[in-house]
Amino acid sequence: MSAMSGPNDPVQLSTFFDYESLDRAQRQVIQEHTGEIRKRLRRSAQDVWEIGQRLADVRSRLKYGQFLTWLKAEFGWSQRTAYNFINVYETFGDRFAKLAKVDIATSVLYQLAAPSVPEELRTEVLQAAASGQKITHKSIKSAIKQSKQTTNTASIAPETQEPAVKKPEIITVIPKSVELANPSRAAEPEPELEITAGWYQLGAQHLFCGDTATPSFVNAISQAKLAIAVTAEDWAHDWLIDQVDSVVVLPQEKFTIGTLKELLGLLSRTGDTVVFPWLPLPEMIATAHSLGRLVYAGDPSKQRCQRAIAATGLQVQPLASEPAVTLAG
């Protein structure tokens, strides 16, 4: 099977992705995007932006789980590689014309597009590049580090002037075979609420139905005490290292509510903000809520979000916009 990306430019598509499972209109659009992405792999700043635009559109058209399969079949890419492109597109969407005119390394572009980078720094770097200044990977890495140090210093109360605490590395936890307080998985309640993509407030808790590696989720999170990331998918959440004191990564097949309770008890206290970038078990928000934690959680699966909402028993209210960052402070 092949698709035409131009009048005389046939593109050979991978036989490892099941295009026949898509309807005709979706198949045609995705095959066209595939060809155009391949043509632009020389990766100038403009090409990176346009690849990201096409990847984002393909992602929006495929069902949950299909996007990663398509990436691996057509390009051999991980999810993180794809999100480098998508972040550039989503971050610099309204500045495409300026981006196309600057000479800037793609590695620098990926760094600038990271959700944790301040907007002021992005503007400063693009202005410098537009004026002809050479922007290197080393210089932008130093600028980002200095910007984060300045932000941490500014957040210290004048009365204490205590030094900022160094962020720990991501903790990968493989639970031992021990008897947990509640190792059995509770029955999943049937969802009653039909929801769409976006933010929902459940009492004092917050749930995002969508991709938690995107700015829509990242920008709503202020400094949190703990993040518990449970997923079988590729990791695309490096931003957590900058915004969370402790990050625990767990394999999905090893995760239980008993494990969750133990981690919350060990690494956080009542009143702390915790982040769940995925919700493999519907009781996660309810469990953290019962222990007095403030939760910011999300998942790209609407079914998982529905079950998580039902499991809390809390009144749900759709939010017209992102929750105020001050709510997590």
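Summary table
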| item | result |
| --- | --- |
| Residue check, Ile257 more than 25 Å from Asp57 (Cβ to Cβ) and touching a strand residue (DSSP E or B) at 6+ places or on another chain (Cβ under 6 Å) | no |
| Qualifying residue in segment 141-155 (condition: at pLDDT 80 or above and over 17 Å from Trp49 (Cβ atoms)) | no |
| Helices (runs of 4 or more DSSP H) completely within segment 238-306 that count 2 or more residues being among the charged types (D, E, K, R) and more than 15 Å from the chain's Cα centre (by Cα) | 257-267 |
| Segment 215-237 - residue that is assigned to a loop (DSSP other than H, G, I, E, B) and crowded, with 22+ Cβ neighbours inside 10 Å and, of those, modelled with the highest pLDDT | Ile221 |
| Enumeration of residues in segment 238-257 that are at pLDDT 85 or above and of a type outside the set (Val, Ile, Thr) | Phe255 |
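The values are calculated or read from the model by the stated rules, or taken from the named source; none is laboratory data. Keep in mind that what you see is a predicted model, and the values were worked out from it rather than measured. All Cβ positions, even for glycine, are placed from backbone atoms using ideal geometry, and neighbour counts span all protein chains on display.
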